[in-house]
Amino acid sequence: MPCPSPLIDAAALAARLAEGQPTVLLDCSFELTDPDAGERQFADAHLPGALYVHLDRDLCGPKTGADGRFRGRHPLPSPEAFAATLGRLGIGPGTTVVAYDRQGSMYAARAWWMLRWMGHDPVLVLDGGLPAWSASGAALVSGAAAVPAPRAPYPERAALARTVEADALARRLGQLRLIDARAAERFRGEIEPLDAVAGHIPGARNRPFKDNLAADGRFLDADALRAAWAPLLVGHAADAVVHHCGSGVTACHNLLAVAAAGLGEGVLYPGSWSEWSADPARPVARG
C-alpha cells in the first residue's frame, strides 16, 4: 500500500481549515542574502493563523559544536532545543503541522524533515507554498502572528528521519550513494559563492533541488518524480541514500521529493558541503 503523500495542495488545505480540523501552519519564508526578509514578508502577507519560524533562530543550532569543530552553516539544533521550540509553537505529538514558504518549499522542506527527525508524523508541506495559496483565491492576512497556546517541550520519540555525520560518511566513501542538491555549477566547482572551497564530495551525484519543481513552483507529480529519481537510485535502496547540499537545507527538498515519489526516505548529512569542505584533510572532487 503506497505511503500517503507528504504534500498537500491549497484546495485540500483550505477545506481542512474550513472544517475546523486543528492545524498548525508554519511560514518558513527566508532569504539567505537577507535573513530578515522572511519576517518582513510574513508581516506583509501570510496564511490566516500561521506562525513564523526563522531558519537561523528556530531551525538551526550553533555553528560550532561542543568539541570546537565547525558544524556547517546551518547545523541542526540539539533535539532538546528543537523540542522547546516546538512546545513554544504549540506543537505536540498529535498536532497536524503544515509548513510553507515563498521559495519553492526549500525552507518548508527543512521544517518538514526536522519534525520527522523529532519523531513527528502528521506533518505536510503546502505544495507551491504561499503563491499557490494566493493563486487559488484563498485569503491572506497581514500583521503579527497569532500567539499559540503554550505547551511543554515536545516529548522524546523515536526519529522518523535519519542523519549521518562527517566522520562516518568519510569512512564509507565509495560504498554509499551520495546525492548533492546544489546547482550544477556549484557541484562541478566552477563557482562557489558561499564556502571557501569549490567542488563536491567524491563519488556524489548531482540532483539540483529546483529540478523537483514544475514551472508553477509546485512539485512534479509522483510519476514524474519517480521517473527522474530512478536513474539516481538504481542499485541502491532509497532509504540508504545520503542527501546533502551546501548546508543541509535544500537537501531536505530532495528528501521530500523522494518521499512524494513514494520511494521512501533517505539519510541527511546535515553539515553538507559547508562542513565537509572546511576540513582540508577531507577529499574534494571537481568536474
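Couple of notes before you dig in:
- In the range 75-122, residue farthest from Ala181 (Cα to Cα) [restricted to those that are open to solvent by 30 Å² or more (accessible area, probe 1.4 Å) and not in a loop (DSSP other than H, G, I, E, B)]: Arg88
- Counting only helices (runs of 4 or more DSSP H) that sit completely within the range 1-72, those holding 2 or more residues that are among the charged types (D, E, K, R) and closer than 26 Å to Asn212 by Cβ correspond to 55-58.
- Hits in the range 123-159 (condition: crowded, with 16+ Cβ neighbours inside 10 Å and outside any loop (DSSP other than H, G, I, E, B)): Val123, Leu124, Val125, Leu126, Gly129, Leu130, Pro131, Ala132, Trp133, Ser134
- On the stretch given as the range 3-57, residues that are within 26 Å of Pro193 (Cβ to Cβ) and surrounded by fewer than 21 Cβ atoms within 10 Å (Cβ to Cβ) total 13.
- Between Ala240, Ala222, Ala215, the distinction of being of a type in the set (Gly, Ala, Ser), touching a residue at least 40 places away in the same chain (Cβ under 8 Å) and open to solvent by 40 Å² or more (accessible area, probe 1.4 Å) belongs to Ala240 only.
The values are calculated or read from the model by the stated rules, or taken from the named source; none is laboratory data. What you see is a predicted model; the values in this text were computed from it and never measured. All Cβ positions, glycine included, derive from the backbone under ideal geometry; neighbour counts span all protein chains shown. The accessibility values were calculated without ligands, DNA or RNA, using every heavy atom of the protein model including side chains. Shrake-Rupley method; radii C 1.70, N 1.55, O 1.52, S 1.80 Å.
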